[in-house]
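Contents: one structure, followed by commentary.
The values are calculated or read from the model by the stated rules, or taken from the named source; none is laboratory data. Here the structure is a predicted model, which is why all the values come from computation and not from measurement. In this analysis, Cβ positions are derived from the backbone assuming ideal geometry, glycine residues included, and neighbour counts consider all displayed protein chains.
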Amino acid sequence: MIAYSDSEIFNHVFDSKIGQYTTHDKYVLFSEDFSYEKLLVTNYIPLICLLFHKNIKQNLLFDESFDLYEDWDLLIRLGEIYHFHHVKKVTARYNRNLSDQISTNGKLHYHGFIKIMNKHKQKITPGVLFSSWKTSVRERELSHLREKLEAKIHIMERYLEEKEGLLEKNCAHVKNLENIINEKDKNITKNEQLLAGQERVISQKHREMLDMQIMIENIHNSFGWSMLEIARKIWIRLFPPHTRRRYYSDLLIKSIKVIKIHGFKVYYNKASRKLNTKNHYKPKKNDAFYCCRYKQGLYYRFRGFCFSCYRLVDLQ
């Protein structure tokens with residue numbers, strides 16, 4: 001038995017700009033199971049991937065009359081005697097120069113192919129030709145299906161690219177929303193802290209207000225407050241509002257306050273200056289300088305002098 005594996009072809013092109021060969025493309029060559037009928041019309045087994053015992057090749061040698069395809073001729077003669085086993089694994093690398101004349105010379109390949117066919121024409125039966133035709137048809141169908149699949153894959157790739165673009169935009173929008181939400185959360189936390197502080201202040205003020213209410217109630221319930229209420233009622237009875245007695249009592253109290261704050265000399269000088277002035281003031285409506293008692297409709301005069309604001313007022 002003879003075994004063979006797969007070979008990966010590397011097509012190289014000389015790049016004059018950098019002065020060296022570069023890889024143009026690469027692919028696995030054939031990688032098909034053994035079929036002697038196909039081997040008669042197709043050279044699909046790389047010789048560098050062949051593995052066999054040394055005794056096999058002692059009886060079979062290369063045909064030196066071939067300028068090309070001498071390896072294919074040897075494989076046809078080996079396949080007629082032995083069975084080939086295919087190992088689906090890449091074990092060799094074939095470097096091909098696309099600028100080589102042997103690789104690109106079509107006439108050379110044509111004459112080599114004709115020579116192979118003439119040598120083994122007795123083995124190429126109608127069944128072999130039919131099998132080769134059937135294989136070529138299948139390959140064309142597979143190629144057509146592959147093109148359709150590649151077109152669909154290309155469409156799906158473009159669709160995925162569009163979706164990825166939309167996804168990136170949505171992700172950016174989501175990040176912006178997350179940043180806004182985080183800022184709002186920070187503001188809410190600050191407001192909650194401020195609200196908690198305000199609540200503490202309000203509760204403190206409420207306690208102070210309760211303490212004040214309790215204190216006011218205690219004051220109202222005290223003996224001094226009851227005595228003060230009695231004194232106030234007596235004061236109102238003795239000096240009823242809008243009377244001359246109430247006026248003189250208020251004037252006396254105000255004079256005492258002025259004397260207590262500024263002294264008697266200041267009070268005396270101020271009162272004398274007001275009494276000796278000859279400029280009489282006649283109040284008018286919407287005037288900001290008329291007498292305070294005249295403003296309230298409650299004025300008292302003594303020779304045209306207002307003892308409330310120390311102003312001579314013509315009340316006629």
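Within segment 69-125, the residues that satisfy the criterion of being modelled with pLDDT of 85 or more, over 60 Å from the mean Cα position of the chain (by Cα) and aliphatic (A, V, I, L, M) are L74, L75, I76, L78, I81, I114, I116, M117. Scanning segment 124-142 for residues that are β-branched (V, I, T) and not in a helix (DSSP H, G or I) turns up at least one hit. Looking across D15, D33, D6, D25, one residue alone is in contact (Cβ under 8 Å) with a residue 40 or more places away in the chain, loosely packed, with under 15 Cβ neighbours inside 10 Å and acidic (D, E). It is D33.
What are the residues in segment 44-70 that are without any contact (Cβ under 8 Å) to a residue 40 or more places away in the chain and closer than 20 Å to T91 by Cα, if any? Hits for segment 44-70 are Y44, L47, H53, K54. A single member of L39, L61, L47, L51 is loosely packed, with under 11 Cβ neighbours inside 10 Å and within 30 Å of T125 (Cα to Cα), and it is L61. If you check K152 against the conditions, is it surrounded by fewer than 12 Cβ atoms within 10 Å (Cβ to Cβ) and closer than 30 Å to T22 by Cα? Taking the combined requirement at face value, the residue does not satisfy it. If the condition is being part of a helix (DSSP H, G or I), over 60 Å from the mean Cα position of the chain (by Cα) and surrounded by 10 or more Cβ atoms within 10 Å (Cβ to Cβ), then segment 190-229 contributes M215, I216, E217, N218, I219, H220, W225, S226, M227, L228, E229. Residue count for segment 31-61, restricted to those that are part of a helix (DSSP H, G or I) and among the hydroxyl-bearing types (S, T, Y): 1.
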